[in-house]
Structure formats: C-alpha cells, structure tokens
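A.B. asks: Sharing a structure below in structure tokens format, with a few things to ask.
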Amino acid sequence: MTQQEDPTPFESWDRPRQAWLLSGDCRGVRQRTLLLEMTTRALFPTVLVFSLYLLLVGHYGPGGGFAAGLVAGLAFVLRYIAGGSEDLGAVVRIRPPVLVGTGLAVALLVAVVPLAFGLPVLSSAKWALDVPLLGTIAVQTSLFLDVGVYLLIIGVVIDLLRSLGSGIERDMREEGEQA
Amino acid sequence: MSALLALPVLLPMLGAALTVLAGRSAALQRAIGIVTLTAVAVIAAVLLVNADAGGPIVAELGGWAPPVGIALVADRLSALLLLVSTLVTLAVLVYAIDQRIVDYGRGAASTTFHPMYLMLCAGVSLAYLTGDLFTLFVAFELMLTASYVLITRRTSAIRIRASMTYVTVSLMSSLLFLTAIAMVYAATGTVNLADIAGRIDTVPPGLRTVLGLMLLVVFGIKAAIVPLHFWLPDSYPNAPGPVAALFAGLLTKVSFYALLRTQTLLFSREEPWTLMLVLAVATMLVGALGALAQNDINRLLSFLLVSHIGFMLFGLAVFDAASVSGAALYAAHHITVLATLFLVSGLITRRTGTVALDQMGGLAKVSPALAALFAIPAMTLAGLPPTAGFVAKLALLQAGVAAGPWPTVVAGVVVVASLLTLYALVRVWVRVFWGEPKPPIPDDDPDDEVIVGTARTSVPMYTATAGLVAVSLAIAVFAGPLSEVTGRAGTDLLDGGPYRSAVLGAEGER
C-alpha cells in the first residue's frame, strides 16, 4: 500500500494500479489504523453486494429499498472512517444531490405510472420472465420504487458524510494546528 | 377523478427531485417550481368543483382498500383549503424567486431553497388530503422538516439560535403526536380517520376524553393556541420575508385544519365546547394585546396571527354547522391575508432597512403602491366591511350569537379583539407610512436575509403581493358562493356520514 521508492518487478506483481484506500496519501501516519483499513478492504464490497441482495429480496422477505440503502450507506460510512473524506470523494465521483434527485424522481415516476393504465397510484404488477438457464424470474414493479429509495438513501448518507464529515475533519485539523 | 387526487402531493415532490437535479440551472429551477404549483392549483380547483358537486373524492393508494390501505380524501373543506393554500404558495414562490434575482442575480441556483419549498408544499397538500392519522403525522413531518431548513438557511447565528426554539417545540409536539397516534391505535385498532370515527363509540368515555385532549394539545402547539403559542412570535420574525409569509399563511392553518377535522369527525358534541371557548378567548386577547406592545413589525404580525387563530377556535368551540363553516371561511381568508401582510412587511423592511417601527416613517410618500398594498390586507385582517375578513367574521358572529349566552359573550370578545387588531394596524400605519421620510438604514450583515436594507425591489415582488391582495378581494367578491360551499362543508363535517361512507363504502354508515 505504501509508496516505495523503486519497486522491483517481483514485488510489484500483485500491486494494485491504484491505492485502494487513499488515506496513505492524505492522512497523517498517526491517524491511520492498519487493522481498520484491511477490514474495510474486505468488508466494503461484501456489504455492497449484501445491500443489493436486500434490495432484490425485499418484496417477499425482510429488506427493501430503505434497508438496503442504509446498509449500503453503512459501507460508505466504514470507508469514510477508514479513509477520510478524500478517499470517499475519490470513490464516489457522482455528486450526492444528483443521487438524491435521481432516486426521488425514479420513485415518484414509478408511483405515477399506474395512473396511465387506469390503476390507483402506487399500484404494483408482477412480471414473470422466462430466462434461459435460470428459469422463471418474477419481478414486482414495486422493485423499481425500491431502487429509487435505495439511491435516495445512499445519496443522503454520502451527503451527510461529505457535509458534516468534512466539517468535523476541518475542526480536528484546526485543533491539531493549535496543539 | 380519484386519479387526480394523489397529484397535489406527488407533483411538488417530483418538482423537488427535478430542482435538485437541475441544481446548476437557476432558470430551470424557477420554471419547475412555478409550473408545478400552477398545475397543483388547477388540480385543486378541479377537485373543489367535483367534491362540491359529487361529495368526497377518495383514492386508495396502491389499490388497497381502507381501513387496511391508506386513503386520500378530498371533501369540500380540504379541497377549498388546498386551493387557497396553493394560490398562496404560488404567489409567495414568485415573490421569493424575484427577491433572489434582486439579491443574488439571475444565475444564482440553490440546491436547498427550491427543493425544500416544494417539499413543504407537498407536505401541506398531503396534510389536507390524507384520510389517515399516521399519514397526517408523515405530512406534518414533511412540512416541518422542510420548514426547519427554510428558517435556518442564510441567516445569522443569533437567528439560528432563535429558530432552535421553533425546531425544539415542533419536535416535542411531533413526539406527542406519535404518542397520541399510538394511543388511538391501542384504543380503536385502526389509524384510518373514518374507521376511528366508527369505532370511537366503543371506547370508554374517560379514555375518549384523553385521546381528544392529546390531539388538542398536539395540534394546539402547532397551531399556536394560547398558552401553547409562546414559540411563534419568537421564531417567525427570524425567517426571511417570503419564508415567514409561507409559515404564517400555511403552517398554523394546516394544524387548525387537522384540529377541525379530528375533533369534528372523531368526537361529536351536542353543545358548545366550554374548554375551547376559554382557549379561544385567551388566544384572541393575548394575541391582540401582545401585538400592541411590539415595536418589531414582524413580531407584531406574529402576535396578530396568534390572535386570529382564536377566531377560528371560536368557530370550532360553538360546534354547530354554521360556526364550523364560519371557521372554514375564516381559515381560507386568514391564509391569504397573513401571507400578504408578511410579504408587505418584507417589502417595507427592504425599503427601510429595519424591522423597528419607531425607526420607520413617511413611506407613503416614498412608495404609494406599498401603502396601498399594506392598507387593503390590513383592513381585511381587522375585518372592516366590505372585505373578506368582514364576511368571515360576520359568519362567525352570527353563528355565535345564535348558539346561546356564553357563545354570545365570546362573540363580544371577537369584536373587542377585532378593534384591538385595528388599533395595532393603525399604529403601524401611522408609524410607517405617515410622517417625514427617513433614509434607509444601511445593511450591516449581508449574509442575513431577514433584514436587507438595500431598498432594491423588483416589479414582480409587488405583482406577487398584489396577486395575493386580489385573491383576498376575490374571497370578498365571491363571498356568496364561497360561504355556500363552506356551509355545505360545515354540515358535512358535523355529520361525518358522507366522509365515512365515501372512505369505507356502505359499511361505514353505522
């Protein structure tokens, strides 16, 4: 992870092209915790996949857009704690308000679409698709509403981390300068 | 028709989402806001006409029938208040947009103002249209959360500290509201308003009183009923002109609507409600006397706002069809006139650079248009004939005098409070508009949106205010048809049968 002066070919074999957590570049040595960084490295993608699972399973089992969004948000919180706001900014290039706006717009459009078919607002229908190899997959249209909520919640969490988190970091830096 | 019912809630939310996405184009944000609210106003008018002709309109969300599913209901009262509120939010938005153009230039987009404004409108629509106690809670939270942002943005530290009173009190009342909903659910096993109305008779009388009082306290805090009003004159004057107009016009009246709806639908009374009569007298007098002691024009208007909540409470207290319809008419008039006065106060503050009455003077010479814009709503609020305020107050007085000795005494207090209102407003008139013109006080804190002493205004700001004055005049001109609509609304409210059967079907008629 740390930058070495002159890496030999052998040692740079499985060296990632990009530092996975940027905290090595942007944080003081004292603020880094190796244990947390390594744990985050394993947990971040796992938690994201789990959140997708919760999103898809939501209609019949425990889960759904809100729960999935919060779980995915937790993954970003973990990443923020391990890597700081610079790392978070590097991994999420999209502006959080865009995520929030898209999520809300998707959810509302899905809510309004049934009106076009003469059904009440927020009605859902079931689509059964025959997919080769996988068999029949049933999709509730309310899944798209959940996708909107999922995006919305992730956007809110990242926005909170950016706005509140960057304030905390600034305060800590100022305190550090005074001490 | 029921297809239209969800749109007054969903359209402003969609508008909010789109204004977030259009975060870099100020022109697009402005267009989205105005188009959305215009559409909602048209839909509200259609709903009002249809609800008046054919009875309550019901929409079942997701096709789930109540009491299991959530129902949206538009009857005469909710459709009328929705229409008036939307006209007010539209005019205030035009004013706010032009104030932003004057202050920050044409290109200044905002990722908080427009989305939060539209979210607040969505919350207001939902509060009027919902037929479900828990959804009412959600509507209030939507409205209040947006209002927290609007009252604390672009302001100074002292004002944020004052706004914290508002946030804390609102959160407390929301907590109480949640508790009350839990108790209602425990007692009746449902949160659907029509269904509760059918089952409330099986609840023991003592518990029924507790539920009624819980809901009274919850909406009493939000509607600023004395003695639960203390937060309002401390917080509203700390909001910028258009935001204060929005809050003063809508938030307390939505709470009064919720109070009116729950008390008439759930708790039937045969005779005037003594407790409410006492609260009405206290609210009218404390508000009016408080207004006389103020030097800050916005605080003065806030106290008058509290005072006139008492007039509507009087209508609810008498508890017959005539008085409830008078209260509904008064609410419609009050929404427009208070919003207008706060907008005018915003214009006055920009001209003078201060909110202190004793530092103003001679504005009638500087800006005769502003003087006219203040005079008409002031006369309306004081209830001088032939304004809308007179028509609404007359309906209340007639209903009160017909109801018995105590309501007649309170009707006398209504007249006294009107005179005190008139006195307070004449005092403003003399201080602000008469005398020698004084130069505007320069703006010492450019970050603070409440006092902007730049004297810069634009024609649309006046036009928007004049539009609201026109709405208020229209209420006076169309007082005949309007009072017929509110009369039928009052009969419906006290009967409750049409509402219940519309929501629950034939079995609701028990």
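A.B. asks: Which residues, taken from segment A:118-172, are in contact with a strand residue (DSSP E or B) (Cβ under 6 Å, 6 or more places away or on another chain) and closer than 15 Å to A:G58 by Cα? First the steps, then the outcome.
C.D. replies: Just the residues of segment A:118-172 that are in contact with a strand residue (DSSP E or B) (Cβ under 6 Å, 6 or more places away or on another chain), to begin with: A:120, A:124, A:126-131, A:136-140.
Once the filter is applied, which keeps residues that are in contact with a strand residue (DSSP E or B) (Cβ under 6 Å, 6 or more places away or on another chain) and closer than 15 Å to A:G58 by Cα, segment A:118-172 yields A:S124, A:K126, A:I137, A:A138, A:V139, A:Q140.
A.B. asks: Quick check: anything in segment B:355-363 assigned to a helix (DSSP H, G or I), touching a residue at least 40 places away in the same chain (Cβ under 8 Å) and β-branched (V, I, T)?
C.D. replies: Going through segment B:355-363, the residues assigned to a helix (DSSP H, G or I) turn out to be B:357-359, B:363.
Going one step further and asking which of them are touching a residue at least 40 places away in the same chain (Cβ under 8 Å), we end up with B:357-359, B:363.
Still in the list and also β-branched (V, I, T): none.
Among the residues of segment B:355-363, not one is assigned to a helix (DSSP H, G or I), touching a residue at least 40 places away in the same chain (Cβ under 8 Å) and β-branched (V, I, T), which makes the answer no.
A.B. asks: Pick out, from segment B:1-108, the helices (runs of 4 or more DSSP H) lying fully within it that include 1 or more residues that are touching a residue at least 12 places away in the same chain (Cβ under 8 Å) and within 14 Å of chain A (Cβ to nearest Cβ). Break it down stepwise before answering.
C.D. replies: Values: elements: B:7-21, B:26-54, B:76-104.
Passing ranges, in order: B:7-21, B:26-54.
A.B. asks: Scan B:P437, B:P407, B:P442 and give me the residue that is assigned to a loop (DSSP other than H, G, I, E, B) and touching a Leu at 6+ places or on another chain (Cβ under 8 Å).
C.D. replies: On the way: B:P407 fails: assigned to a loop (DSSP other than H, G, I, E, B); B:P442 fails: touching a Leu at 6+ places or on another chain (Cβ under 8 Å).
After ruling out the rest, the residue left standing is B:P437.
A.B. asks: If the requirement is being assigned to a helix (DSSP H, G or I), aliphatic (A, V, I, L, M), farther than 30 Å from B:F314 by Cβ and under 26 Å from the mean Cα position of the chain (by Cα), which of these qualifies: B:A424, B:A372, B:A378? Spell out how you get there, then give the answer.
C.D. replies: On the way: B:A424 fails: farther than 30 Å from B:F314 by Cβ; B:A378 fails: farther than 30 Å from B:F314 by Cβ.
On inspection, the qualifying residue turns out to be B:A372.
A.B. asks: Among the listed residues B:L129, B:L193, B:L176, which satisfies the condition of being within 30 Å of B:R500 (Cβ to Cβ), at pLDDT 95 or above and crowded, with 24+ Cβ neighbours inside 10 Å? Let's see the steps before the verdict.
C.D. replies: Numbers: B:L193 fails: at pLDDT 95 or above; B:L176 fails: crowded, with 24+ Cβ neighbours inside 10 Å.
Residue meeting the stated conditions: B:L129.
A.B. asks: Another question about this same structure. So is B:S85 among the hydroxyl-bearing types (S, T, Y), surrounded by fewer than 22 Cβ atoms within 10 Å (Cβ to Cβ) and touching a Phe, Trp or Tyr at 6+ places or on another chain (Cβ under 9 Å) or not? Spell out the reasoning first.
C.D. replies: Details: among the hydroxyl-bearing types (S, T, Y): yes; surrounded by fewer than 22 Cβ atoms within 10 Å (Cβ to Cβ): no; touching a Phe, Trp or Tyr at 6+ places or on another chain (Cβ under 9 Å): yes.
Here the answer is no, as B:S85 does not meet what is asked.
A.B. asks: Okay, next question. State whether one or more residues within segment A:109-132 are more than 9 Å from chain B (Cβ to nearest Cβ), among the β-branched types (V, I, T), under 14 Å from the mean Cα position of the chain (by Cα) and farther than 30 Å from B:L5 by Cα. Can you show your working first?
C.D. replies: Filtering segment A:109-132 for residues more than 9 Å from chain B (Cβ to nearest Cβ) gives A:110, A:113, A:116-117, A:125-132.
Now restrict to residues that are among the β-branched types (V, I, T): A:110, A:113, A:131.
Then keep just the ones that are under 14 Å from the mean Cα position of the chain (by Cα); that gives none.
No: segment A:109-132 contains no residue that is more than 9 Å from chain B (Cβ to nearest Cβ), among the β-branched types (V, I, T), under 14 Å from the mean Cα position of the chain (by Cα) and farther than 30 Å from B:L5 by Cα.
A.B. asks: With A:D146, A:D87 as the choices, which residue is assigned to a helix (DSSP H, G or I), charged (D, E, K, R), surrounded by 21 or more Cβ atoms within 10 Å (Cβ to Cβ) and at pLDDT 85 or above? Lay out the reasoning, then the answer.
C.D. replies: On the way: A:D87 fails: at pLDDT 85 or above.
None of the others qualify; the one that does is A:D146.
A.B. asks: Now, a different point. For A:G118, are the conditions met, namely being in contact with a helix residue (DSSP H, G or I) (Cβ under 9 Å, 6 or more places away or on another chain), touching a residue at least 12 places away in the same chain (Cβ under 8 Å) and among the small types (G, A, S)?
C.D. replies: On the way: in contact with a helix residue (DSSP H, G or I) (Cβ under 9 Å, 6 or more places away or on another chain): yes; touching a residue at least 12 places away in the same chain (Cβ under 8 Å): no; among the small types (G, A, S): yes.
No: the conditions fail for A:G118.
A.B. asks: Take segment A:87-108 and flag every residue that is more than 12 Å from chain B (Cβ to nearest Cβ) and in contact (Cβ under 8 Å) with a residue 40 or more places away in the chain.
C.D. replies: A:D87, A:L88, A:G89, A:A90, A:V92 - these are the residues of segment A:87-108 that are more than 12 Å from chain B (Cβ to nearest Cβ) and in contact (Cβ under 8 Å) with a residue 40 or more places away in the chain.
The values are calculated or read from the model by the stated rules, or taken from the named source; none is laboratory data. Everything numeric here is computed off the predicted structure, so don't read it as measured data. All Cβ positions, even for glycine, are placed from backbone atoms using ideal geometry, and neighbour counts span all protein chains on display.
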